[in-house]
Amino acid sequence: MARVKRAVAGRKKRKTLVERTKGYYGARSRTFRGMREQSRHSLQYQYRDRRNKKRDIRSLWIQRINAAARMNDLSYSTFMHGLRLAGVELDRKVLAQLAYDDERAFADLATVAKAALDAE
């Protein structure tokens, strides 16, 4: 049986690793072991942070809604509760966009929430 020569495959493997770790500092971009470790860590961070990004964006929406609600004399939780009682079904993304772009429309929503809270 003939022996397997894997120079081309090995070179390709190292070449993709070099491309992936280009720009890293020190041994992380120079030694094969450092490249391999850094590449593994980077892929893990990438996987984790794709999920954490959703958490961070939702947190930003809540902060924006809370700031706009407090400008209309409501806290975030009472504002959201008032909207739910009023039957307004807008998600946090849309509410945050309104709070950021259109203060008048958000103020109208705040009055709707206040009226629903008073009626309760």
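Throughout, read-outs are computed from the coordinates displayed, never taken from laboratory work. Values in this document were obtained by computation on a predicted structure and should not be read as measured data. Glycine also receives a Cβ, built like all others from the backbone with ideal geometry; neighbour counts cover every protein chain displayed.
Footprinting exposure proxy ranking of 103, 120, fewest other C-beta atoms within 10 angstrom first, gives 120, 103.
Dividing the alpha-carbon radius of gyration of the stretch 9-119 by the rule-of-thumb value 2.2 N^0.38 Å gives 1.81.
Provide, for q = 0.27, 0.28 Å⁻¹, the log10 of I(q)/I(0) from a solvent-free Debye sum over equal Cα point scatterers in the stretch 64-113. Each listed q corresponds, in turn, to -1.04, -1.13.
Can you compute the helix-only [θ] at 222 nm over the chain? Use -39500 (n - 2.57) per DSSP H run of at least 4 residues, normalise by all residues, nearest 500 deg cm²/dmol.
Numbers: 5 runs with 92 residues, N = 120.
Calculated at 222 nm, the ellipticity per residue is -26000 deg cm²/dmol.
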